[in-house]
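The block underneath contains the structure these notes are about, expressed in structure tokens.
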There are 6 protein chains.
Amino acid sequence: MSNRILVINPNRNEQVTEAMDRALDPFRGENCPTIDCITLREGPLGIESQSDADAAAPLVYRTVYENESNADAFVIACYSDPGLRAARELTSKPVFGIAEAGLSTAIMMGGRIGVISILENAVERHFSYAKSLSLDSRIVADVPIGLSVAELADEEIVTVKMLDAGYRLRRDFGANVIVLGCAGMARYRQALEEKNGIPVIDPTQAAVAAAVSALRLKISVSR
Amino acid sequence: MSNRILVINPNRNEQVTEAMDRALDPFRGENCPTIDCITLREGPLGIESQSDADAAAPLVYRTVYENESNADAFVIACYSDPGLRAARELTSKPVFGIAEAGLSTAIMMGGRIGVISILENAVERHFSYAKSLSLDSRIVADVPIGLSVAELADEEIVTVKMLDAGYRLRRDFGANVIVLGCAGMARYRQALEEKNGIPVIDPTQAAVAAAVSALRLKISVSR
Amino acid sequence: MSNRILVINPNRNEQVTEAMDRALDPFRGENCPTIDCITLREGPLGIESQSDADAAAPLVYRTVYENESNADAFVIACYSDPGLRAARELTSKPVFGIAEAGLSTAIMMGGRIGVISILENAVERHFSYAKSLSLDSRIVADVPIGLSVAELADEEIVTVKMLDAGYRLRRDFGANVIVLGCAGMARYRQALEEKNGIPVIDPTQAAVAAAVSALRLKISVSR
Amino acid sequence: MSNRILVINPNRNEQVTEAMDRALDPFRGENCPTIDCITLREGPLGIESQSDADAAAPLVYRTVYENESNADAFVIACYSDPGLRAARELTSKPVFGIAEAGLSTAIMMGGRIGVISILENAVERHFSYAKSLSLDSRIVADVPIGLSVAELADEEIVTVKMLDAGYRLRRDFGANVIVLGCAGMARYRQALEEKNGIPVIDPTQAAVAAAVSALRLKISVSR
Amino acid sequence: MSNRILVINPNRNEQVTEAMDRALDPFRGENCPTIDCITLREGPLGIESQSDADAAAPLVYRTVYENESNADAFVIACYSDPGLRAARELTSKPVFGIAEAGLSTAIMMGGRIGVISILENAVERHFSYAKSLSLDSRIVADVPIGLSVAELADEEIVTVKMLDAGYRLRRDFGANVIVLGCAGMARYRQALEEKNGIPVIDPTQAAVAAAVSALRLKISVSR
Amino acid sequence: MSNRILVINPNRNEQVTEAMDRALDPFRGENCPTIDCITLREGPLGIESQSDADAAAPLVYRTVYENESNADAFVIACYSDPGLRAARELTSKPVFGIAEAGLSTAIMMGGRIGVISILENAVERHFSYAKSLSLDSRIVADVPIGLSVAELADEEIVTVKMLDAGYRLRRDFGANVIVLGCAGMARYRQALEEKNGIPVIDPTQAAVAAAVSALRLKISVSR
């Protein structure tokens, strides 16, 4: 298996790209596809609003289009899935969005999904998108931690806020599985799962897992 | 009332802009707001795919942002509502999308809404968007006529196809109100309504009507 | 445009009729349709129960029927929309109900709709009706202020209670648009919007706006 | 058990009242409550439109109110359930509507409910009501036979049309239980069930069964 | 009427069987069907988990199958309805499950249904089942009392906990009808209804009532 | 990675087990978990009814329980997911059901899911289960081919029927992804995908893929 999966971070924050890259190590090894993570240099600093997501979408689908011949599957690593449907129009290679993949994976892990978001204004955007996928009724709550993507690098404060959000999702809303609502939260997955005691899905991992499987199974997606 | 409503056609088809401009004449007159329709020069030829819609979105919200000081309300005149939510983040003036406004208006005109689209691939895009608005369960069918935006100028063939789509919506799906699923269909509204016998909503008219009312009522939308 | 819109207050409270009449002034002027508000002398004192709504319904649709030749559009100004569907059977002129119109308008103003009701028992009635319209999933809460229609005249106490209800809708339920759940609340719209900072819809204004637009556009509703 | 159930036929068609009275014989006998069927003299000839239903509602709830002291449970025998919620406000005795009871009973008889209606215009009215009860998603289709309530007396033609509707519900829509969508169809229940091979619910029987059970169990409904 | 209804308690707790037997006395008398309650000797001690429900299901449907010739209707008296759909495949006699029947009956008693469960883990199981029946949107909450089936025999502590759960359902969630979410709660129905002031449905009574009615009406269920 | 995934075929048809075993080869290789497929000797011949599924469920969850110490993840390879929720109560290792996994995977492959079933009676069972997972609204149709599990071995006739079902799903219902509704259909996946031109999901492959990913990521599922 000498395939290549291209993971696109639509924001231009290299730290986010590096952290997600490390989180994808479990998928690497002999007989495994190559997984390369790239940063969109022209992307917004963080995708923290609908304008950011809208700005990123054309950059993302063009990147997919331009790389069609040198990748076998694509992952769009932003929880707003910017450009996902457009990219699918432009390539016959499989394309995965991390919000769609994170929720689809969570369905198999628990009946009541909780989401942790960065900023308050993400909640309605996430919910509206989940409705468009008909997956909203599985989500019991979406709790924001009130930090920007850039602020996700401060491990101490973020850890506290993520644990608090996880605790509220479990206790106040009965969540039994959590999806991280931002690609930049990857480094906090394990600690949250260990402390909170319910499965935690890093959506970038979920999307890459789906890409790996699609490549193994040679599932055709010529739409 | 000396307000100004800026209607933005996100595609660069001037014929579409001219036809929608004519369709807005009923809202003009003394004591009425000024209604100006503009064409996005850099926009796609027609918005006929998700890529087109994604490409248009940043152009649209930037146009809203740049015109904030010289307009009192905005209408995004494409049935995919590109850039609608982003534009709302960037201005405290009311912004209306024609899909959202067309469906909201149709709710008051009939219990079973039929939509007429241009191309087959619009159907799933429309339905997904209607789900994100929680308005999908009022829509009984979305029938495409199989023509591009540019082809909407050929009145003879379009008229036949629109009447056929309207007839199918009414007879096969029980629609009792129709929403035109493209800003470029404005010129066919009246004929379709007369021949088919059920109300037909031109969504650009619906959105401009909503804008006129919001201005009259001075409804604040500072989000 | 020399059309006439007949606004029917189904309760016999003249104060309510007068207040709604004043609230409709923004729709008046040269080139505007005549808007006349009438009080149903035989109607209940206030529509505060299902029995009141059921008692009003035949009075309303008969009034529409009897006035068919001297009005061009009708508005039923009670948030239970009594007689709305029946009236539509009896005339080919457009008929609008304020609950349907208020919710349809709110859809364009915010993703999360809050409703303010008069009495506790209105909540289930409103919700059941919203379900029949498939609009319930957009409503995040319906908060009653615990006052009868007659008591809505006491501006001091009502203002306090309305502000409190609006605050709860925004803070506890995340509403970003409010619909007044009673025609008698018209006079409090502006203060609530100014103090609460999110758009507030007076449903009678919303329905009259829809009527004005339908007349301008000459939309046929021959069902 | 010396209780009395009052069954109210809201239309003034005595033939309908007589037929439903005969269909209730299985509930009569020693130790059984008295079941009396009455005809509303002032009611419409048949309830064939929303105006008919709205006209009947106040007659129905007043009849319940006036008979509170001489009945222990009430059944409103029209498939539009006119006056049902209002009647429940006016008495602490249990009140049943035949549409609500027919659907609730059908839920236990099959996963896919078909409804047979009289006239085409009943379909949207029925569906809107089922939505208000959150029971619409169990209904696979509502097929009208195109006859008025009065015409239901012509057994030959009605039998043919009912069998045809039942056949379509089963074959085209996969219904595995049928609810008769009009009190006047009672006399055709048995033949339809025998010929069609799936359970057929006469909703008046279903509502009276619910009333009998509530009386046996002394379930309190003081709301 | 010399029919026989066989009520099957799928757990092997004789106390539960005896209590439900007493609760069915209102359905007994001259002209009434015989109602026999049996205990499944090989059943689990209580059905308190999905494993318990899965273990019971084959025992239940085999019992129905083996008793086809000596009963005219069957009731499965466990709120997880184990074996219900399988039993229906194996007999042409009507079979009722108490969860399905309890919810169907509650629909006629109130718009907002509250459920009282035994253990916390029942809540998701119940909700998942209600979704499979499309009845979940009528349920406002499911409150567990934290006791096992065996512990339901301790009347003092159970009474307190049931009253508390009922109070919370009514006050915090606005329930206006309660369904007991366990066959073993039968003996507490009356006290809860009297103290709480809203109707309380014992689902075993509801299912037996449905069986009695089906037998009276000779409704065929040959699937 | 020296983990072991135990795939349980709940029916006793060895041919089905062998075919699914072959279909899992793409997941085997160095650095890959061991994947062992076992046949439940006491299981039904095929799971073709609710009784079959109910009979299999306890066998399945006991097999999971007994193998807890010698497997790291479990897959239940029957499209009714018998014993899935019970098994999850009994082990802290991840357990996947192929229906849940097949649908969750299809969500990422297309907006409109079609299912191919064996027998007609599977359709309602599948739909009811999909509702319990809140995934039903993504499924556009479930088309049965009218063959038993045993008959799936006759490649000639099955191929024809599967292609026909796939064609109908795509053309008549607009499906853009297909899920095979039976573990025994694995050998037909590739041909169907090639001929029909839209992605086809073998649900056993989907569930094993999910298990492989969960093991790689060490996601904890201690519930």
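The values are calculated or read from the model by the stated rules, or taken from the named source; none is laboratory data. Just so you know, these numbers come straight off a predicted model, no measurement behind them. Positions of Cβ are generated from backbone atoms using ideal geometry, with glycine treated the same way; all protein chains shown enter the neighbour counts.
Identify, from the list B:K161, B:K131, the residue that is surrounded by fewer than 23 Cβ atoms within 10 Å (Cβ to Cβ) and in contact with a Ser or Thr (Cβ under 7 Å, 6 or more places away or on another chain).
Numbers: B:K161 fails: in contact with a Ser or Thr (Cβ under 7 Å, 6 or more places away or on another chain).
Criteria check complete, one pass: B:K131.
Where helices (runs of 4 or more DSSP H) sit wholly within segment D:148-223, those with at least 2 residues that are of a type in the set (D, E) and over 30 Å from E:R187 (Cβ atoms) occupy D:155-171, D:189-196.
Can you give me the number of residues within segment D:71-84 that are more than 14 Å from chain C (Cβ to nearest Cβ), within 13 Å of D:L6 (Cα to Cα) and not charged (D, E, K, R)?
Narrowing segment D:71-84 to residues more than 14 Å from chain C (Cβ to nearest Cβ): D:71-75, D:77, D:79.
From what's left, within 13 Å of D:L6 (Cα to Cα): D:71-75, D:77.
This time we only want the ones that are not charged (D, E, K, R), so: D:71, D:73-75, D:77.
Of the residues in that region, 5 qualify.
Determine, yes or no, whether A:S128 is within 14 Å of chain B (Cβ to nearest Cβ) and within 21 Å of B:F127 (Cβ to Cβ). Considered against the rule, which asks whether it is within 14 Å of chain B (Cβ to nearest Cβ) and within 21 Å of B:F127 (Cβ to Cβ), A:S128 comes out as yes.
With respect to the stated conditions, E:T105 is buried (at least 22 other Cβ atoms within 10 Å of the Cβ), at pLDDT 95 or above and either in contact with a strand residue (DSSP E or B) (Cβ under 6 Å, 6 or more places away or on another chain) or under 15 Å from E:A207 (Cβ atoms) (or both). If only residues of segment D:1-40 that are farther than 23 Å from D:A53 by Cβ and small (G, A, S) are counted, the one that is surrounded by the most Cβ atoms within 10 Å (Cβ to Cβ) is D:G29. Looking only at residues of segment F:28-40 that are more than 15 Å from F:Q205 (Cα to Cα) and modelled with pLDDT under 95, we find that the one that is nearest to the chain's Cα centre (by Cα) is F:G29.
For E:G83, the conditions (1) within 15 Å of E:C182 (Cβ to Cβ); (2) not assigned by TED's automatic domain parsing to the domain that holds E:L192 are fulfilled apart from (1).
Scan segment F:194-223 residue by residue and report those that are facing chain A (nearest Cβ under 7 Å) and modelled with pLDDT under 95. It would help to see each step written out before you state the result.
Residues of segment F:194-223 that are facing chain A (nearest Cβ under 7 Å), as a first pass: F:197, F:199, F:205, F:209-210, F:213, F:216-217, F:219-223.
The answer is F:G197, F:R216, F:L217, F:I219, F:S220, F:V221, F:S222, F:R223.
Looking across segment C:138-157 at every residue that is in contact with a Gly (Cβ under 7 Å, 6 or more places away or on another chain) and touching a residue at least 60 places away in the same chain (Cβ under 8 Å), the one that is surrounded by the most Cβ atoms within 10 Å (Cβ to Cβ) is identified as C:L152. Looking at segment D:158-177, which of its residues are in contact (Cβ under 8 Å) with a residue 40 or more places away in the chain and not basic (K, R)? D:M162, D:A165, D:G166, D:L169, D:F173, D:G174, D:A175, D:N176, D:V177 - these are the residues of segment D:158-177 that are in contact (Cβ under 8 Å) with a residue 40 or more places away in the chain and not basic (K, R).
Being under 29 Å from F:A122 (Cβ atoms), surrounded by fewer than 22 Cβ atoms within 10 Å (Cβ to Cβ) and not aromatic (F, W, Y) is the filter here; which residues of segment D:165-191 pass it? Give the derivation first.
Filtering segment D:165-191 for residues under 29 Å from F:A122 (Cβ atoms) gives D:165-179.
Then drop every residue that is not surrounded by fewer than 22 Cβ atoms within 10 Å (Cβ to Cβ), which leaves D:167-168, D:170-174, D:176.
If the condition is that a residue be under 29 Å from F:A122 (Cβ atoms), surrounded by fewer than 22 Cβ atoms within 10 Å (Cβ to Cβ) and not aromatic (F, W, Y), then D:R168, D:R170, D:R171, D:D172, D:G174, D:N176 are the ones that fit.
Residue check: B:D52 meets all listed conditions (1) touching an Asp or Glu at 6+ places or on another chain (Cβ under 7 Å); (2) touching a residue at least 12 places away in the same chain (Cβ under 8 Å); (3) within 14 Å of chain A (Cβ to nearest Cβ); (4) buried (at least 20 other Cβ atoms within 10 Å of the Cβ) but one, namely (1). On the basis of being assigned by TED's automatic domain parsing to the domain that holds D:S104 and out of contact with any strand residue (DSSP E or B) (no Cβ under 7 Å at 6 or more places or on another chain), does D:V158 make the cut? When the stated conditions are applied, D:V158 passes them.
Of all the numbered requirements in (1) touching a residue at least 12 places away in the same chain (Cβ under 8 Å); (2) surrounded by fewer than 24 Cβ atoms within 10 Å (Cβ to Cβ); (3) charged (D, E, K, R), D:D202 misses one, and that requirement is (2). When the criteria are applied in full, B:A87 fails the requirement of being over 23 Å from B:V200 (Cβ atoms), at the interface with another protein chain (Cβ under 7 Å from one of its Cβ atoms) and of a type in the set (A, V, I, L, M, F, W, C). Residues in segment E:126-138 that are over 16 Å from E:G184 (Cβ atoms) and either within 16 Å of the chain's Cα centre (by Cα) or among the hydroxyl-bearing types (S, T, Y) (or both): E:F127, E:S128, E:Y129, E:A130, E:S132, E:L133, E:S134, E:L135, E:S137. For segment D:131-155, the candidate set comprises residues that are more than 23 Å from D:V75 (Cα to Cα), of a type outside the set (D, E) and out of contact with any strand residue (DSSP E or B) (no Cβ under 7 Å at 6 or more places or on another chain); within that set, the residue that is farthest from the other protein chains (Cβ to nearest Cβ) is D:L147. Candidates are the residues of segment F:85-102 that are aliphatic (A, V, I, L, M) and surrounded by fewer than 24 Cβ atoms within 10 Å (Cβ to Cβ); the one that is farthest from A:G97 (Cα to Cα) is F:L90. Tell me whether segment A:117-137 contains one or more residues that are without any contact (Cβ under 8 Å) to a residue 60 or more places away in the chain, of a type in the set (K, R) and under 22 Å from A:A207 (Cα atoms). Scanning segment A:117-137, I find at least one residue that is without any contact (Cβ under 8 Å) to a residue 60 or more places away in the chain, of a type in the set (K, R) and under 22 Å from A:A207 (Cα atoms), so the answer is yes. When we screen C:L192, C:L152 for residues that are in contact with a Cys (Cβ under 8 Å, 6 or more places away or on another chain), among the hydrophobic types (A, V, I, L, M, F, W, C), under 22 Å from C:L119 (Cα atoms) and not assigned by TED's automatic domain parsing to the domain that holds C:N11, the only hit is C:L152.
Anything in segment C:184-223 that is in contact with a Pro (Cβ under 7 Å, 6 or more places away or on another chain) and among the hydrophobic types (A, V, I, L, M, F, W, C)? List them, or say none. Within segment C:184-223, C:A211, C:V212, C:A214, C:L215, C:L217, C:I219, C:V221 meet the criteria. Exactly one residue out of C:G110, C:G97, C:G114 is away from chain D (no Cβ under 12 Å), over 16 Å from the mean Cα position of the chain (by Cα), within 30 Å of B:V95 (Cβ to Cβ) and not hydrophobic (A, V, I, L, M, F, W, C), and it is C:G110.
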